[in-house]
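Worksheet for the structure shown next.
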4 protein chains.
Amino acid sequence: MSWDWLMEELSPGEIVLRGIKRVETWVTTEYQEVAVVEIEGLGKTLVIDGKVQSSLYDEFVYHEALVHPAMVTHGRPRRVLIIGGGEGATLREVLRYKCVEEAIMVDIDRRVVELAKTLLPEWHDGAFDDPRAKVLFMDGRRYVEGAAARGESFDVVVVDVVDPLAGGPAVKLYTVEFYKLLKKLVGERGIMVTQATSPDHYPQVYFTVARTIAEVFDIVRPYVVSVRSFGGVWGFVLGSASGDPKALRSEEVDKKLTELLESAREKLRFYDGETHASLFNLPKHYRRMLSEPRRPSRDEEPVEALY
Amino acid sequence: MSWDWLMEELSPGEIVLRGIKRVETWVTTEYQEVAVVEIEGLGKTLVIDGKVQSSLYDEFVYHEALVHPAMVTHGRPRRVLIIGGGEGATLREVLRYKCVEEAIMVDIDRRVVELAKTLLPEWHDGAFDDPRAKVLFMDGRRYVEGAAARGESFDVVVVDVVDPLAGGPAVKLYTVEFYKLLKKLVGERGIMVTQATSPDHYPQVYFTVARTIAEVFDIVRPYVVSVRSFGGVWGFVLGSASGDPKALRSEEVDKKLTELLESAREKLRFYDGETHASLFNLPKHYRRMLSEPRRPSRDEEPVEALY
Amino acid sequence: MSWDWLMEELSPGEIVLRGIKRVETWVTTEYQEVAVVEIEGLGKTLVIDGKVQSSLYDEFVYHEALVHPAMVTHGRPRRVLIIGGGEGATLREVLRYKCVEEAIMVDIDRRVVELAKTLLPEWHDGAFDDPRAKVLFMDGRRYVEGAAARGESFDVVVVDVVDPLAGGPAVKLYTVEFYKLLKKLVGERGIMVTQATSPDHYPQVYFTVARTIAEVFDIVRPYVVSVRSFGGVWGFVLGSASGDPKALRSEEVDKKLTELLESAREKLRFYDGETHASLFNLPKHYRRMLSEPRRPSRDEEPVEALY
Amino acid sequence: MSWDWLMEELSPGEIVLRGIKRVETWVTTEYQEVAVVEIEGLGKTLVIDGKVQSSLYDEFVYHEALVHPAMVTHGRPRRVLIIGGGEGATLREVLRYKCVEEAIMVDIDRRVVELAKTLLPEWHDGAFDDPRAKVLFMDGRRYVEGAAARGESFDVVVVDVVDPLAGGPAVKLYTVEFYKLLKKLVGERGIMVTQATSPDHYPQVYFTVARTIAEVFDIVRPYVVSVRSFGGVWGFVLGSASGDPKALRSEEVDKKLTELLESAREKLRFYDGETHASLFNLPKHYRRMLSEPRRPSRDEEPVEALY
């Protein structure tokens, strides 16, 4: 049995302990405490501020679920913006698409990306060296404000940042104001998607994010996957002005993947047409939660994960 | 913060601690240690031998997922057998169907059912008093052997027993021999379904159960739901001689529910046509696991959850 | 292995988990949450607000260490005041002395004493029925203020209350003002003693209590014992106007015990002359801590256990 | 709050969790898993096979308690043998004595000593470089057998090895046969002392070790100290052919320390005459345990810490 354990509080009164077999790295950056550890059952794992970010066991579930529905629904994304995503795995999934000409990734913490480059090759898989990739180190909100002011446009925006912890740096990356900026960036044909915490552990946050995106985008598709590394169900929300992932049939998805990814298609481990077909039919109790009235999150009174 | 905690080892090196707000009951029966406790975030919870059996937070997810796909796929179940299911919630779901004429529930532990009657009204919801219900206290395997010998027949058999823990009482409720007996009971039109542990925490068990049922039934449909009380993804396997749940469209399911359940339909909280539509498309990595060669579990060398 | 665990934070970053074999009682009184549980290795245990108060394993160590040095040093205590001590075990030890004519116990929580009477017979051992015992339910500080105003006098005062947790009810039972009141009660020949938290887990509190008592009493004797149920070393402080426990030789203590306790002497399990001899020689590092300058705790700015 | 925790099972059903602030080193040697970590409240800590060996918080308590009573009781030790003691702190305490001409330390694990040299300067404090120190890497039992065969003699032997865990390497360092060899080495004037597990957590082991040494040495003095890093009381047993530590008065001890240690005396943080005076008066319940009949530990049926 391990003597060294990672303790993570999933919600008040709900703690997960995970046996650590090895601590590879443990550094304090300007913004956060970053560790790479080997965990029993999960393998190599990135831990930021004591929270599991992703592990070799199922990072592919999280990252494929985050990226592909938006990309495939768009149909031919050329310019993609990633907010966050320091490990490089979101970038990796985006760059699988031949049609992508430019992928801009904006992460606040240069140090995390540097660590990822050397310590997490299984995550980025060389993505940082792709000539189509451009990595900027700055606050995501500030980048988006600037890009909107400059009139830039993107086909897909992927938001892969930490939860809106009260007092944390990500609170204003989940508000109406932020999504309006994203709307400007993606225009009438583009799509945005964001990780959105766990509907089990932070229901108030998850369903408010869905409600907030609905304030800005006509088509809103919340979806969930099960991520053992995160202790259960994990939620995403996709916002779109025109394309609707729920309207895509399984065969269409597979066909598009074949066109867009070519040989890379075989590398996907979680996502394909059949997976897609299950993602956008939420169980009834989640639909009930979605239908309840809720105040959208706004800059001046944002939703926060409160513990 | 709680001072009293439930500690459950989900897999080696993976422990969940849950704050206990109250211990209602804690008794040792002839077969097991049974407690009813109030857990932070989960509410009233049944704990057997230190393992969460189900909680008010999401027992409906587990029990509806276990019962309804088989019932709806059958189309008009009249006689249903439940192996296990002491809390009475599986019985409750079965009895929602007007067409059910007799539901026989066989549980080894009389004491658990007695406790459930008084302490878990939210679970059984009066099901034990339904004149169509018949509860027997004996070993499930022995009952099934006798019933097969007597030539009894059932439309649906629901297996709701504990995991096949090494040395535990349920090991022979997951073998080829057992499923052959069930096949005899359900004949050419019937359906069986079983809970089948977690594909994350016991992948070897889960996928072996699917493989084992495939040895006996032509149509095998593994499916999963996320159950926070169980610490993540939970798996089921449905075996059928003719009807295929995956072939049912969302609207058909809703139509059948309306016919079969009438007014009760509104009471379902997890399951409906849209939920059904997502259940039978497993993500790609589970399909890959299913396609790997595996030895079926047999009485003389059964699959076991080994820790 | 247990599934039910008591979690106690001994100090920041230091947590003890103890396997619970049984929860006997768990009630919320007007003042606190009280439970009687059976703990692995400790046996029956009283838990208040999530903290182990005492267990059958070593309650005798705590209660004998608290009571006997003061009683024996006094030499012939007739009137004894106990502040706190709800379990009745401190009263039990006091009443072992034939010379004691009256023992007044003042506890704030009537409910705890009522529970102790029925559930903790091993603790009080009938002490509540002794005609010399008088139990009052009120705030200890208020009682002491009244008694001092009325000019009452006691030979020994034993303070057996919870730690001075910030914001808790006991903060003003550890201040200069409180000890001055005790000084009035015990006069020129009497002795007071108090439990005083753990010098390992709350060094600032323990050594401040010693310093505070030194502000009022000429002779101050801090002493410690090891109490496994409390997770390590536990501290007491004795204040005296004349008698000095450190001056008593081992044989004198045994002689006095024989005189004062008669047949009861054999019942002592922890304390006797030899035990006494070791109590008042603190290890060097504790003496160094005692010699450091410290502000005494005062009502307007009391020392508090801060987490 | 920490996310990284050291989990140590002190006894069945008794677990301590300690927050880790930093992992400095973590290596697997030929014999064991060795880590140096920074623990909340304890500071730098050596962990071997998941068990805290000693921490900066109170390693001085353990090492001074282990070494000085034997050294002072002997009165003029010239040749000292240390079995185990890889950190170098036992050697450090031994070398404080001017009269020591040779200190032979025998540890099985060369790697631990090498790590200690670079990572634990606070422990060895340069002791490995003292010309009087001689460090050998071999099994302690084998060394002692050879030394006894060669007719070597020592004034003091200090046994500072791990607990006799069932199946572990130290079981035969706690038996009658081993102590007979030590008796040969120390002759009629010498003294041996051993760490002997916790009387709270392994009472059967502790009191058996005392009983076993009593089989060989005329004077046997068990004594205990409180070591927070070890989760409570820790036990030692001293065996002597002539000198008796319990006969030494406080002033004699201080006088000897002044003679033997000179300027170094001030460096002792735990031990002095007053500390000595409290060490050899055990509380009554320990004396009762010591007086119970017990089988000594023998090579063919040794006492073992069983979990």
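If you bin every alpha carbon distance in region A:193-307 into 5 Å steps from zero, what whole percent lands in each bin?
2, 11, 18, 22, 18, 14, 8, 5, 2, 0
Relative contact order of region C:150-307, please, whole-number percent, based on alpha carbon pairs below 8 angstrom and at least 6 residues apart.
29 percent
Which residue fluctuates most in the GNM of chain A (Cα springs below 10 Å): A:Tyr206, A:Tyr31, A:Tyr179?
Comparing A:Tyr206, A:Tyr31, A:Tyr179 in a Gaussian network model of chain A, the most mobile one is A:Tyr31.
Rounded to the nearest 500 deg cm²/dmol, what is the calculated helix-only ellipticity per residue at 222 nm for the protein assembly as shown, with -39500 (n - 2.57) per DSSP H run of length n ≥ 4?
Rounded to the nearest 500, the figure is -9500 deg cm²/dmol.
Of all DSSP beta bridges located in the protein assembly as shown, what percent are antiparallel, nearest 5? All intermediate terms of the calculation are to be shown ahead of the outcome.
Numbers: 172 of 252 bridges.
Close to 70 percent.
At a 1.4 Å probe radius, carbon and sulfur cover how many percent of the accessible area of the protein assembly as shown?
Values: 21120 of 43530 Å².
For the protein assembly as shown, the apolar C and S fraction of the accessible surface comes to 49 percent.
Please compute, over every Cα-Cα pair in the protein assembly as shown, the percentage with a separation greater than 65 angstrom.
Tail of the P(r) past 65 Å holds 18 percent of the pairs.
Label-point separation (nm) for A:Tyr31 and D:Asp129, each offset 7 Å from Cα along Cα-to-Cβ?
Going from the A:Tyr31 label point to the D:Asp129 one covers 4.5 nm.
Could you work out the per residue convex hull volume over the alpha carbons of chain C, in cubic angstrom?
Working: hull volume 38.9 nm³, N = 307.
Considering the Cα atoms of chain C, their hull volume per residue is 127 Å³.
How large is the direction-averaged shadow of the alpha-carbon convex hull of region C:40-125, in nm²?
Values: hull surface 22.9 nm².
The Cα convex hull of region C:40-125, projected and averaged over all directions, gives 5.7 nm².
Straight-line reach only, C-alpha to C-alpha below 24 angstrom: list the lysines that D:Lys184 could link to, leaving out same-chain residues fewer than 8 apart.
Once the sequence-local lysines are set aside, what remains near D:Lys184 is D:Lys134, D:Lys172, D:Lys246.
Using a loss threshold of 50 Å², tell me which positions in region B:247-286 are less accessible in the complex than in their chain alone. Probe radius 1.4 Å, ligands and nucleic acids ignored.
The answer is B:Glu274, B:Ser278, B:Asn281, B:Lys284, B:His285.
At a threshold of 8 angstrom on Cα-Cα distance, excluding pairs fewer than six apart, so keeping six or more, what relative contact order does region A:112-231 reach in percent?
Answer for region A:112-231 is 20 percent.
Which value in nm describes the separation of the simple spin-label points at D:Glu114 and A:Glu101, placed 7 Å from the Cα toward the beta carbon?
Each label point lies 7 Å from its Cα, and together they span 5.8 nm.
What does the buried accessible surface come to for C and D, summed over both chains, with the probe at 1.4 Å? Round to 100 Å².
Values: alone 13360 and 13340 Å², together 23500 Å².
The summed interface area works out to 3200 Å².
Given H placed 1.01 Å from N in the peptide plane, which residues other than close sequence neighbours of D:Arg298 have an amide H under 5 Å from its amide H?
Result for D:Arg298 returns D:Val176, D:Val303.
Out of all Cα-Cα pairs in region C:7-69, roughly what percent, to the nearest whole number, are more than 19 Å apart?
Working: 745 of 1953 pairs.
The calculated P(r) of region C:7-69 puts 38 percent of pairs beyond 19 Å.
With chain B treated as a Gaussian network of Cα nodes joined by springs under 10 Å, which of B:Ala210, B:Ala147, B:Ala127 yields the largest mean-square fluctuation?
Top of the fluctuation ranking is B:Ala147.
Starting from the Cα of A:Ala241, move 7 Å in the Cα-to-Cβ direction to define the label point; list residues of region A:203-232 whose amide nitrogen is under 14 Å from there.
A:216-219
Given a Förster distance of 56 Å, report the FRET efficiency between A:Gln204 and B:Arg295 from their Cβ-Cβ distance, rounded to the nearest 0.05.
Details: r = 47 Å, r/R0 = 0.83.
For R0 = 56 Å, the calculated efficiency reads 0.75.
Pull up the DSSP beta bridges for region C:46-170 and report the antiparallel fraction as a percent, rounded to 5. Could the numbers behind the result be given before it?
Working: 3 of 18 bridges.
Once the DSSP bridges in region C:46-170 are tallied, antiparallel ones form about 15 percent.
Probe 1.4 Å, all protein chains in place: accessible area of D:Lys184 in Å², nearest 10?
About 140 Å², ignoring ligands and nucleic acids.
Give me the accessible area of D:Trp234, 1.4 Å probe, in Å² rounded to the nearest 10.
30 Å²
Step through the table entries B:Lys98/B:Lys255; A:Lys21/C:Lys21; B:Lys117/B:Lys267; C:Lys44/C:Lys267; A:Lys51/A:Lys183; B:Lys21/D:Lys51, compare each Cα-Cα distance with 23 Å, and write down the pairs that go over it. Before the final figure, lay out each step's value.
Values: B:Lys98/B:Lys255 15 Å; A:Lys21/C:Lys21 31 Å; B:Lys117/B:Lys267 21 Å; C:Lys44/C:Lys267 20 Å; A:Lys51/A:Lys183 30 Å; B:Lys21/D:Lys51 32 Å.
Among B:Lys98/B:Lys255; A:Lys21/C:Lys21; B:Lys117/B:Lys267; C:Lys44/C:Lys267; A:Lys51/A:Lys183; B:Lys21/D:Lys51, the Cα-Cα distance tops 23 Å for A:Lys21/C:Lys21; A:Lys51/A:Lys183; B:Lys21/D:Lys51.
If I ignore ligands, DNA and RNA and count only protein heavy atoms, how much of A:Cys99 is accessible to a 1.4 Å probe, in Å² to the nearest 10?
20 Å²
Per residue, how large is the accessible surface of region D:127-183? Use a 1.4 angstrom probe and give square angstrom. Present the calculation step by step, with values, prior to reporting the outcome.
On the way: 2330 Å² over 57 residues.
That works out to 41 Å² per residue.
For region B:5-18, in order, what is each residue's ³J(HN,Hα) by Karplus, 6.51 cos²θ - 1.76 cosθ + 1.60 with θ = phi - 60°, in whole Hz (x at glycine and Pro)?
10, 8, 10, 10, 8, 6, 7, x, x, 9, 10, 10, 10, 10
Of all the Cα-Cα pairs you can form in region B:217-260, what percent are over 12 Å apart? Don't skip to the end; give the middle numbers.
Values: 654 of 946 pairs.
I get 69 percent for the Cα pairs in region B:217-260 exceeding 12 Å.
Among the DSSP beta bridges whose two residues both lie in chain B, what percent are antiparallel, rounded to the nearest 5?
Numbers: 39 of 59 bridges.
Around 65 percent antiparallel, to the nearest 5.
Mind giving me the nanometre distance, one decimal, between the label points for D:Arg269 and A:Ala149, set 7 Å out from Cα along Cα→Cβ?
Reported label-point gap for D:Arg269 and A:Ala149 is 5.6 nm.
When only C-alpha pairs under 8 Å and at least 6 residues apart count, what is the relative contact order of chain A, in percent? It would help to have the intermediate numbers written out before the result.
Numbers: 635 pairs, mean separation 51.9, N = 307.
Relative CO of chain A lands at 17 percent.
Considering the Cα positions of region B:60-216, please state its Rg to one decimal place and its Dmax as a whole number of Å.
Final numbers for Rg and Dmax: 14.6, 41 Å.
As an exercise, use a Förster radius of 41 Å and the Cβ-Cβ distance of A:Lys21 and A:Arg76 to find the FRET efficiency, rounded to the nearest 0.05.
Efficiency, rounded to the nearest 0.05: 0.40.
Could you list which residues have their amide H under 5 Å from that of C:Ser153, counting only those 5 or more apart in sequence or on another chain, with H placed in the peptide plane?
Those qualifying (amide H under 5 Å, at least 5 residues apart or on another chain) number zero.
The values are calculated or read from the model by the stated rules, or taken from the named source; none is laboratory data. This structure is a prediction, so every number in the text was calculated from the model and none was measured. Backbone-built Cβ (ideal geometry, glycine too); neighbour counts: all protein chains shown. SASA here: full protein model, heavy atoms, side chains in, ligands and nucleic acids out. Shrake-Rupley method; radii C 1.70, N 1.55, O 1.52, S 1.80 Å.
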